[in-house]
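Heads up, the thing below is written out as structure tokens.
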Amino acid sequence: MSGGWAGSNRRAELPRDWYTHIRPFVLARDEHRCRNRIDGRVCGRRANQVDHIGDRDNHRPENLQALCEDCHAKKSSAQGNAARWAVRRQRPKERHPGLL
Ligand SMILES: [Zn+2]
């Protein structure tokens, strides 16, 4: 699943230097590794996405983290859908392919 963010107007909200400076900076800072935590452990797979940890209008590096495609898609689909996420969290844990 690719998630729905690519087709949204989110791109228009990003600062002009997102792709030239901010995004490469965050990926380099995080060593191109996914910083998402799964059961307390860092995912660590190759990251090619940059995600807003909190406020999506805050583009400061401390509010940004590198994520792999899977984690970014999961987080994006969870955002704005807190009710469904709450239900999903009660389901049994899925094995994460990155932890094999
Ligand atoms: Zn990940």
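Beta carbons within 10 angstrom, averaged per residue: use that to sort the peptides 25-31, 72-78, 51-57, highest first.
Going by the mean number of other Cβ atoms within 10 Å, highest first, we get 72-78, 25-31, 51-57.
Once you put a point 7 Å from the Cα of Ala28 and another 7 Å from the Cα of Arg60, both along the Cβ direction, what distance in nm separates them?
About 2.1 nm, to one decimal.
If I stretch the segment between Arg46 and Arg16 completely, what's the gain in nm (0.36 nm per residue apart, minus their alpha carbon distance), one decimal?
In short, 8.3 nm is gained.
Give me the one-decimal nm value for the distance between modelled label points at Ala78 and Arg37, 7 Å along each residue's Cα-to-Cβ direction.
Taking the two extended label points, one gets 1.2 nm.
Read-outs throughout are calculated quantities, based only on the coordinates presented, and are distinct from any laboratory measurement. This is a predicted model, so every value here is computed, not measured. Cβ sites come from the backbone with ideal geometry, for glycine too, and all protein chains shown count toward neighbours.
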